[in-house]
Protein chains: 4
Amino acid sequence: MTQIAFIGLGHMGLPMARNLLKAGFAISVFDLVQDSVASLAAEGAKAAGSAADAVRDATVVVSMLPASRHVESLYLGDQGLLAQITPGSLVLECSTIAPDSARKVHAAAAARGIGLLDAPVSGGTAGAAAGTLTFMVGGKAEALEKARPILAAMGKNIFHAGPDGAGQVAKVCNNQLLAVQMIGTAEAMALGVASGLDPAVLAEIMRQSSGGNWTLEKYNPWPGVMENAPASKGYSGGFMAELMAKDLGLAQEAAQATASSTPMGALALQLYRLLLKQGNGKLDFSAVQKLFVE
Amino acid sequence: MTQIAFIGLGHMGLPMARNLLKAGFAISVFDLVQDSVASLAAEGAKAAGSAADAVRDATVVVSMLPASRHVESLYLGDQGLLAQITPGSLVLECSTIAPDSARKVHAAAAARGIGLLDAPVSGGTAGAAAGTLTFMVGGKAEALEKARPILAAMGKNIFHAGPDGAGQVAKVCNNQLLAVQMIGTAEAMALGVASGLDPAVLAEIMRQSSGGNWTLEKYNPWPGVMENAPASKGYSGGFMAELMAKDLGLAQEAAQATASSTPMGALALQLYRLLLKQGNGKLDFSAVQKLFVE
Amino acid sequence: MTQIAFIGLGHMGLPMARNLLKAGFAISVFDLVQDSVASLAAEGAKAAGSAADAVRDATVVVSMLPASRHVESLYLGDQGLLAQITPGSLVLECSTIAPDSARKVHAAAAARGIGLLDAPVSGGTAGAAAGTLTFMVGGKAEALEKARPILAAMGKNIFHAGPDGAGQVAKVCNNQLLAVQMIGTAEAMALGVASGLDPAVLAEIMRQSSGGNWTLEKYNPWPGVMENAPASKGYSGGFMAELMAKDLGLAQEAAQATASSTPMGALALQLYRLLLKQGNGKLDFSAVQKLFVE
Amino acid sequence: MTQIAFIGLGHMGLPMARNLLKAGFAISVFDLVQDSVASLAAEGAKAAGSAADAVRDATVVVSMLPASRHVESLYLGDQGLLAQITPGSLVLECSTIAPDSARKVHAAAAARGIGLLDAPVSGGTAGAAAGTLTFMVGGKAEALEKARPILAAMGKNIFHAGPDGAGQVAKVCNNQLLAVQMIGTAEAMALGVASGLDPAVLAEIMRQSSGGNWTLEKYNPWPGVMENAPASKGYSGGFMAELMAKDLGLAQEAAQATASSTPMGALALQLYRLLLKQGNGKLDFSAVQKLFVE
């Protein structure tokens, strides 16, 4: 039976690990926050005292950490976790980090005969809880086939984006585009309402026309247009603006690494930073609407 | 039987008028270009020697002109067409013009007891030919009910956007958003490909994820991703970049009139103007992709 | 002796008219605000009951109005002031308006044998009071020579920018550039301070280096760097942000008329509108600094 | 007598080292390019076979390298140059690199008792040759006093920007502002000329008005306005667009590190990348003017 080690039990990691438990996997878990570990132990996971302890008997390692530096610091170096993981194991690195950072960890894993996939997710905490995350996976197709039953316990859509690092690239491209069209939608809503239109009518016209996009389908930023969207609940819940700013920063790192020009993506990052400066970083990212209304 | 006058037989107006003919309406047509008039006359329309001549026996007038100044010049003033149209008639003004310009013509029509709707379209020349245009309509609901059978002969979706001018507002909001997400998509595609991803794979992942939008569904700007998209045919056909620049200019006029801030929309206009400066104004608007590749 | 009519006694017009009085010119004045008229009458001007009354015996007319529509409405049409002004007179139109609007008034004046110059100013209310305004003048060189003694009573620098409308063009180009470098300076100051630099040291280094510009010389946006700058007085005084937004709007009108691409200028306008939405429109335009600090 | 080691003899380093020689300093030089070393040896420098060889007897080390990674790789690590330099020596690190990178090297130097200043320059190859560079210096004031005679042999203005890394911060702030106002100037010139103004007249009006900045004083981007500017020589010479793109990238790194919002700076970077994509990276950075003319 597959023994899984799960490292990183934050807002995303905790419900993901819980779904693995529910699916019947044996898992050992570690996080610096004891409460999270204890909470999962109470549900049947094995509590580990350290990351090294967690991976001891595991053949699969899943990690979900905040940023590139945490991932590099966890896995790399003489004292890094890759030195503790049994060769032949499979690592599913689900954090959203810089593609270049992911490639470094890939290379180090390959050097030790450990399979690794970069597998960042989208779908937010709601998707993590419901087990409906989308995984964008970079790495070898054969490793992905091995990983598929495990990913399927945590998510619904699993895309093979390409070689090492490609999962991260797909994620930052998608999220940059999401930010651009969220802001574009917020601008269009504000312009239309200022010009006398009913927000719900305008939203519906654009949704069915060539302006149609995911935010108009699921996540309208104008309060009251969609009952269940964060905009209608004071911009609470959802995906925090400060996390969108983080992902847009990763996109700019990728643009820098490839000398790509992304005027819209760059502007989106700056506008999110203005929103954060106004103290709105913990609100849902659709709160960018606030910039455009008095 | 409804007698319709159709003024303006350009790339859009000609096929629209033809669809009215096909639907069995009696129409008289006028355009400064004699060939267009003659061509429709050969198909059964009545050729008029002037706009005033065209509207003489009409109870419905449809117009499709290039810009605000043409519309104002046609209808307004002592010599304007509104002075020639029988009170009680209905005017369907389908040009894409500034909301403020549309409101001027609305007011003048109302003063003479003529019903008027601003009813700009989306769907391009292909939609005009196929009779599948979308109409975004501003004006009174009762006028729209009267107009519906005529609009239905030319289009598929008919939205009542709101009061006088609201059709134009909806159109510019939609097209600004469309431009923003077209550029956002082009940037994401270029960034992903520069980072090593396969364009078709990236396009499919974003289409199914939160980056999903109309351009990813129908109109991918990367050559070869969608066989029938303009991008795969040298950016020919479709909706010309210079027309998108025109619509973005109208959006900025509306933003100026309402003191709205639209950073993404404003940047989109400037980027389209850069594209035009490179001599690409006659290409499809998805050719904005060219800015981001070497 | 030259008899001057002065129309428009707002924040700028009042001190300008006062300087003409001080220079010994005979002036008749008109404004819709009676207090302003009375105040100048007490200083020796002739109070006029209407614009037409003001220009009756004048051979020079000076006007200073808020926007294009006021200027067009004052001068044009059968009832417009140009119909009241004696042919052979000289009109100095000092309002900041759209170049196209200025050209309309030029054409109408020429048709009646009236000389006209578009002569917008820079220098703000302080320059108007001190008589140190800069005039950017469009129109015929010979008209400018005639106007020079009058302009010299109100300003210090008089530039002949070119033919009809050129004064307005020079003004909007200059002010767009000013806005761009004010924001650029504010961003650089915020970035430097956030990175640990002393604002005064950074300001001085950039001022003496290739980043040097007028705002670093006279008008640093960081509070406390320059004792007498509006930034050090709660952003009071100076040139209001909402007026800068107006000028940036005129620049975008000029860009639209010439299909010019001005990405920085367009972004500057949108950022000023964000500032206005935050309720800061009455502050000095250097208050754009506030966007970039928490 | 002070013995100086000079590492990095590129377009900037070679003339800088030559000026030290001319000033009478004894220097040993190293670069991977043998020709540069040989050329200076012919003028009196001691040719070193490696960086370690160059610093052997030196009490002052000057380095001028292309980017952060070269500097970190030269100085840091067990095999790094800091391990070879005599404690008590002074290092003048003149490369333009990320502030965070500079701070790493500062810390490592301090740990070994070596004084270090980050001292990036502005003034380009012309300033390097003429010995008129500007140095923006970060580090201890006492180290700067020690360094002053050496810096004075290579430059004219020496600014103490603040503590460790502050030289780099000042440099990136200045260059970001320079790029913003270069583009702002180019936009204003193009808008004015498209609106009918003479470029030289417009340039002179703005130079003397509130739009005044360094580029209008010394470096007008419109061909023919300034005889000696790169714009009048086919945009040859000066400071290459690709180097400006590099500096703008460093500014964005600094903005990321401090969560600063710099919309103008971010847009400037993206516009320079568009210029590079058109194959113009080797032209002077004022060639950004080309984006705005047909």
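So, of the residues in the stretch A:255-281 that are without any contact (Cβ under 8 Å) to a residue 60 or more places away in the chain and part of a loop (DSSP other than H, G, I, E, B), which turns out to be nearest to the chain's Cα centre (by Cα)?
Only one residue fits best here, namely A:GLY281.
Among (1) within 20 Å of A:TYR219 (Cβ to Cβ); (2) not in a helix (DSSP H, G or I), where does B:ASN220 come up short?
(1)
Between residues in the stretch A:204-221 that are more than 25 Å from A:ALA241 (Cα to Cα) and residues that are small (Gly, Ala, Ser) and modelled with pLDDT of 95 or more, which pairs lie under 7 Å by C-beta distance while being six or more apart or on different chains?
Partner pairs satisfying both residue conditions: A:ILE205/B:ALA161; A:ILE205/B:ALA170.
Tell me which residues, restricted to the stretch A:1-26, are crowded, with 23+ Cβ neighbours inside 10 Å and either part of a strand (DSSP E or B) or of a type in the set (Lys, Arg) (or both).
Scanning the stretch A:1-26 gives A:ILE4, A:ALA5, A:PHE6, A:ILE7, A:ARG18.
Residues A:PHE159, A:PHE135: which one is assigned by TED's automatic domain parsing to the domain that holds A:SER63, closer than 27 Å to A:ALA83 by Cα and either free of Cβ contacts under 8 Å to residues at least 60 places away in the same chain or out of contact with any strand residue (DSSP E or B) (no Cβ under 8 Å at 6 or more places or on another chain) (or both)?
A:PHE135
Condition check ((1) farther than 17 Å from A:LYS171 by Cβ; (2) out of contact with any Gly (no Cβ under 6 Å at 6 or more places or on another chain); (3) surrounded by 15 or more Cβ atoms within 10 Å (Cβ to Cβ)) across all residues:
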{"position": "A:ALA38", "(1), (2), (3)": "yes, yes, no"}
{"position": "A:GLY49", "(1), (2), (3)": "yes, yes, no"}
{"position": "A:GLU72", "(1), (2), (3)": "yes, yes, yes"}
{"position": "A:LEU81", "(1), (2), (3)": "yes, yes, yes"}
{"position": "A:SER89", "(1), (2), (3)": "yes, yes, yes"}
{"position": "A:PRO99", "(1), (2), (3)": "no, no, yes"}
{"position": "A:ALA108", "(1), (2), (3)": "yes, yes, yes"}
{"position": "A:VAL137", "(1), (2), (3)": "no, no, yes"}
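State all residues of the stretch B:177-235 that are under 23 Å from the mean Cα position of the chain (by Cα) and aromatic (Phe, Trp, Tyr); if no residue qualifies, say none.
Passing the criteria: B:TRP214, B:TYR219, B:TYR235.
Closer than 12 Å to C:LEU14 by Cα, in contact with a Lys or Arg (Cβ under 8 Å, 6 or more places away or on another chain) and assigned by TED's automatic domain parsing to the domain that holds C:SER95: is that true of C:GLU43 in this structure?
When the stated conditions are applied, C:GLU43 passes them.
Filter the stretch C:160-181 down to residues that are more than 7 Å from every other protein chain (Cβ to nearest Cβ) and surrounded by 24 or more Cβ atoms within 10 Å (Cβ to Cβ) and give me whichever is nearest to C:HIS106 (Cα to Cα).
In this case the residue turns out to be C:GLY165.
Residues D:ALA245, D:ALA229, D:ALA251: which one is outside the structural domain of D:ARG69 (by TED's automatic domain parsing), touching a residue at least 40 places away in the same chain (Cβ under 8 Å) and over 18 Å from C:THR185 (Cα atoms)?
Step by step, each of D:ALA245, D:ALA229, D:ALA251 is checked, and only D:ALA229 is outside the structural domain of D:ARG69 (by TED's automatic domain parsing), touching a residue at least 40 places away in the same chain (Cβ under 8 Å) and over 18 Å from C:THR185 (Cα atoms).
Are any residues in the stretch D:182-224 of a type in the set (Ser, Thr, Tyr) and more than 7 Å from chain C (Cβ to nearest Cβ), and if so, which ones?
Answer for the stretch D:182-224, where residues must be of a type in the set (Ser, Thr, Tyr) and more than 7 Å from chain C (Cβ to nearest Cβ): D:THR215, D:TYR219.
From the set of residues in the stretch A:146-159 that are among the hydrophobic types (A, V, I, L, M, F, W, C) and within 24 Å of A:ALA110 (Cβ to Cβ), which is nearest to the other protein chains (Cβ to nearest Cβ)?
Here the residue is A:PHE159.
Among the residues of the stretch A:115-135, what is the count of those that are crowded, with 21+ Cβ neighbours inside 10 Å and more than 14 Å from chain B (Cβ to nearest Cβ)?
4
Is there a residue in the stretch D:239-252 that is away from chain A (no Cβ under 12 Å), at pLDDT below 95 and more than 17 Å from the chain's Cα centre (by Cα)?
no
Exactly one of (1) touching a helix residue (DSSP H, G or I) at 6+ places or on another chain (Cβ under 7 Å); (2) among the polar types (S, T, N, Q); (3) in a helix (DSSP H, G or I) is unmet by A:SER210. Its number?
Of the numbered conditions (1) touching a helix residue (DSSP H, G or I) at 6+ places or on another chain (Cβ under 7 Å); (2) among the polar types (S, T, N, Q); (3) in a helix (DSSP H, G or I), the odd one out for A:SER210 is (3).
Which members of the stretch A:253-270 meet the condition of being surrounded by fewer than 24 Cβ atoms within 10 Å (Cβ to Cβ) and more than 7 Å from chain D (Cβ to nearest Cβ)?
Across the stretch A:253-270, the qualifying residues are A:GLU253, A:ALA257, A:THR258.
Is it the case, given these coordinates, that C:GLU227 is part of a helix (DSSP H, G or I), more than 9 Å from chain B (Cβ to nearest Cβ) and of a type in the set (Asp, Glu)?
no
Looking at (1) crowded, with 24+ Cβ neighbours inside 10 Å; (2) farther than 16 Å from A:GLU253 by Cβ, can you tell me which one D:LEU250 breaks?
(2)
The values are calculated or read from the model by the stated rules, or taken from the named source; none is laboratory data. Please read these numbers as outputs of a predicted model, since none were measured by experiment. Backbone-built Cβ (ideal geometry, glycine too); neighbour counts: all protein chains shown.
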